[in-house]
Amino acid sequence: EELLNLTFQDITYPEDLDTDLEYVKEMLAYKRTNYQMEKRYLRKDGSHVWVLLSVSLVSSLDKVPKFFISQIEDITHRKQVENMKTEFLSLASHQLRTPLTGMRWNIEMLLNDDVG
C-alpha cells in the first residue's frame, strides 16, 4: 500500500532519473515508441536494486497517450557478478604487470650489447 502511493520518480536512484525522464519525454513527443535501460530503484531501507526496464507507450488512434506498459527484470545478481569480474581483472592485470615489467627489463638488459 505504501509503494502504491509513490511514483517511479520517488523510487528511482537519483543518478538514473534524468535519463529515465528524458526517455519518457521523447516517448510523449512521439520521438520514440519504447525504450529500455538499466537503472536502479531505491528500496525502503535505502539500498538499491538493479533492474532492466523496458517501457512502451500505448496511445489512442488520435495519438493521445493512454498509459505505459513497463516490464522490470531484477538484474542485481548479474551486476554484482559483472563488478566482481571487473575487480578481478583489474587485480589480475596489476599482479601480472608488475613481475612482467621486471622480466622485460631483465630481458632487455640481456639483449643489450653494452652489457656484454
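Normalised by residue count, the chain yields a Cα convex hull volume of 177 Å³ per residue. The simple Förster model, with R0 at 25 Å and r as the Cβ-Cβ distance, assigns Lys79 and Ser56 a FRET efficiency of 0.55. For the range 55-98, the percent of C-alpha pairs falling in each 10 Å distance bin, counted from 0 to the bin holding the largest distance, reads 22, 21, 17, 16, 14, 9, 1. For the set Lys31, Lys39, solvent exposure ranked by accessible area (probe 1.4 Å, protein chains only) runs largest to smallest as Lys31, Lys39. Exposed loop sites are taken as GluC sites (Glu not before Pro) in a DSSP loop (any state but H, G, I, E or B) with at most 14 other beta carbon atoms within 10 Å; the longest stretch of the chain without one runs 3-116. Positive contributions from Lys and Arg (+1) and negative ones from Asp and Glu (-1), summed over other residues with Cβ under 13 Å from the Cβ of Val51, come out at 0. Counted by Cβ distance under 13 Å from Thr33, the other residues give a net charge of +2, where Lys and Arg count +1 and Asp and Glu count -1. In straight-distance terms, cross-link reach from Lys85 covers every one of the lysines whose alpha-carbon lies under 20 Å from its own, apart from those fewer than eight places away in the same chain; here that gives Lys39. Candidate cross-link partners of Lys31 among the lysines, defined by an alpha-carbon separation under 17 Å and a same-chain spacing of 8 or more, comprise Lys63, Lys66. Just add up the charged neighbours of Glu73: K/R +1, D/E -1, any other residue whose Cβ is under 12 Å from the Cβ of Glu73. Neighbour charge sum, excluding Glu73 itself: +1. Where in the range 2-46 does the amide nitrogen come within less than 19 Å of the point 7 Å from the Cα of Thr86, taken along Cα to Cβ? Answer for the range 2-46: 13-20, 37-42.
The values are calculated or read from the model by the stated rules, or taken from the named source; none is laboratory data. Values in this document were obtained by computation on a predicted structure and should not be read as measured data. Neighbour counts run over all protein chains shown; Cβ positions are idealised from the backbone, glycine included. Calculation scope for accessible area: heavy atoms of the full protein, side chains included, ligands and nucleic acids excluded. Shrake-Rupley method; radii C 1.70, N 1.55, O 1.52, S 1.80 Å.
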